[in-house]
1. Looking at the stretch 53-65, which of its residues are in a helix (DSSP H, G or I) and either touching a Leu at 6+ places or on another chain (Cβ under 9 Å) or modelled with pLDDT of 90 or more (or both)?
2. Which pairs have Cβ atoms under 6 Å, sit 6 or more apart or on different chains, and link a residue in the stretch 130-143 that is under 14 Å from Trp164 (Cα atoms) to one that is assigned to a helix (DSSP H, G or I) and hydrophobic (A, V, I, L, M, F, W, C)?
3. Across the stretch 73-99, which residue is surrounded by the most Cβ atoms within 10 Å (Cβ to Cβ) among those that are more than 18 Å from His185 (Cα to Cα) and either touching a residue at least 60 places away in the same chain (Cβ under 8 Å) or of a type in the set (S, T, N, Q) (or both)?
4. Determine whether Phe115 is buried (at least 16 other Cβ atoms within 10 Å of the Cβ), at negative phi and not charged (D, E, K, R).
5. Answer yes or no as to whether Lys112 is more than 16 Å from the ligand (Cβ to nearest atom), in contact with a helix residue (DSSP H, G or I) (Cβ under 7 Å, 6 or more places away or on another chain) and either touching a residue at least 60 places away in the same chain (Cβ under 8 Å) or among the charged types (D, E, K, R) (or both).
6. Regarding Leu108, is this residue under 21 Å from Ser34 (Cα atoms) and not assigned by TED's automatic domain parsing to the domain that holds Phe196?
7. Quick one: which residue in Tyr143, Tyr152 is surrounded by 15 or more Cβ atoms within 10 Å (Cβ to Cβ) and within 20 Å of the chain's Cα centre (by Cα)?
Amino acid sequence: MEQKIRNLKCLGCGAPISPDQKRCRYCKREIYISSFSSVLQQSEYDFERTRRFYKEREGQEDQPGLDHAEGMCYLRLSMYDEAYACFQKAIRKNFDSSETYFLAAIALLKGKNPFRLLKKDVDSAMTLVKDALSLEDVPVYYYFLAYLTYDYYGRKLLRAQVPWQTWLQKALEAGVSQGDREEFHKITHTKEPDAFRRG
Ligand SMILES: [Zn+2]
């Protein structure tokens, strides 16, 4: 489909683009940013332009990568409900990125410790992370499950289906790095539990 949409221009070089393009043909800029770290690395100025580009979705409605990208912008702004709604839209359109599920789970946490959430939200977050794992084996996803289980079930002395120690072990076996752990706690606005260091 080579349909050019009015006003849809590459943010890098201004060349016209069509909504189904993944990268600009000229400057190779990614049109729908796919990773949250790239969103976090953008300068305020660049971020604002990108956010507006995704929000003015004229002619791009069918592009599931757009919902994912817009969701990440809301997540950077700590607008969790809006972020969650975008990720759910991407999931309904069968956008097959494991990161969508992972970030949807992060949005459900709303920047709080799992301890302070409702059980149903913790369980929904766990289901989303398990869905992410069924798509892609990423070490930090196991770490996320360890953290959710520890902070909700462990701290409330509730019995979890799988104990947090098992998930943490899996994360370590999968090769989770100190950097992965730090980034995870930074984007969830949480802290690494002391118990994780002793283990
Ligand atoms: Zn370009």
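The values are calculated or read from the model by the stated rules, or taken from the named source; none is laboratory data. Just so it is clear, the model here is predicted, and its values are computed rather than measured. A quick note on method: Cβ atoms are made from the backbone with ideal geometry, for glycine too, and the neighbour counts reach across all protein chains shown.
1. Within the stretch 53-65, Phe53, Tyr54 meet the criteria.
2. Val140/Phe184; Tyr141/Val129; Tyr141/Ala132; Tyr141/Leu133; Tyr142/Trp167; Tyr142/Ala171; Tyr142/Ala174; Tyr143/Ala171
3. Looking at the filtered set, the residue picked out is Ser97.
4. So Phe115 does not fit the description; no.
5. On the way: more than 16 Å from the ligand (Cβ to nearest atom): yes; in contact with a helix residue (DSSP H, G or I) (Cβ under 7 Å, 6 or more places away or on another chain): no; either touching a residue at least 60 places away in the same chain (Cβ under 8 Å) or among the charged types (D, E, K, R) (or both): yes.
It is false that Lys112 is more than 16 Å from the ligand (Cβ to nearest atom), in contact with a helix residue (DSSP H, G or I) (Cβ under 7 Å, 6 or more places away or on another chain) and either touching a residue at least 60 places away in the same chain (Cβ under 8 Å) or among the charged types (D, E, K, R) (or both).
6. Values: under 21 Å from Ser34 (Cα atoms): yes; not assigned by TED's automatic domain parsing to the domain that holds Phe196: yes.
The answer is yes for Leu108.
7. Of Tyr143, Tyr152, the one residue that is surrounded by 15 or more Cβ atoms within 10 Å (Cβ to Cβ) and within 20 Å of the chain's Cα centre (by Cα) is Tyr143.
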